[in-house]
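Working notes, beginning with the structure itself.
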Amino acid sequence: MKNTILTLAIISLITISCGDKKKDEAPKAEEATTEQAAELTLADGEALFTSKTCTTCHQPDTKVIGPSIKDINAKYAEQNASIVAFLKGETSPIVDTDPAQVAIMKANLDSFVKDLTEAELKAIEKYMLSVK
Ligand code: HEC
């Protein structure tokens, strides 16, 4: 009997302390995710470029629907412009300014690109710039 009470007491103690721990740890876990996100690698960028369907319209060397990655890099280097800023909708297109073409890319920016985090956009840019 004593043992049962003791066991119950221990179990409830564990439960209580675990419950508290979870509350305490939740924000920390979020911080950790943000920190990890800030360190996305070139490989992450490449994976995102594929999974976010950028490859459908942007190939390294050839114009498919959108300009090739190399053409984009050349123009962005020449004008010292930021791909991240373009993807965030902060700057106007400089590579292909044909309105029909701009509309295609703008549709992406307004739909799924706006949901990407700063870290994801930076990783995508890192990957694009690595294409030489
Ligand atoms: C459905 C086709 C399509 C998809 C998918 C697509 N793009 Fe584009 N993209 C275009 C077209 C067309 C242009 C040319 C118009 C323009 O330059 O704004 C373009 C232009 C660009 C430019 C150059 C903008 C400039 O300054 O002219 C960048 C950078 C770019 N895309 C990045 C991306 C990234 C990153 C993704 C994936 C998140 C992506 N695109 C997905 C069609 C696409």
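The values are calculated or read from the model by the stated rules, or taken from the named source; none is laboratory data. This one's a predicted model, so the numbers in the text were calculated from it and none came from an experiment. Note that we place each Cβ from the backbone using ideal geometry, even for glycine, and neighbour counts take in every protein chain shown. Please note that ligands, DNA and RNA were not included when accessible areas were found on the heavy atoms of the full protein model with its side chains. Shrake-Rupley method; radii C 1.70, N 1.55, O 1.52, S 1.80 Å.
With respect to the stated conditions, Lys63 is more than 21 Å from the chain's Cα centre (by Cα), open to solvent by 80 Å² or more (accessible area, probe 1.4 Å) and modelled with pLDDT of 95 or more. Annotation: of all residues in segment 69-106 being of a type in the set (A, V, I, L, M) and over 15 Å from His58 (Cα atoms), the one that is nearest to the chain's Cα centre (by Cα) is Val84. Of all the residues in segment 80-109, those that are polar (S, T, N, Q) and more than 9 Å from the ligand (Cβ to nearest atom) number 2. The set of residues in segment 63-78 that are in a loop (DSSP other than H, G, I, E, B) and near the ligand (Cβ under 9 Å from one of its atoms) comprises Val64, Ile65, Gly66, Pro67.
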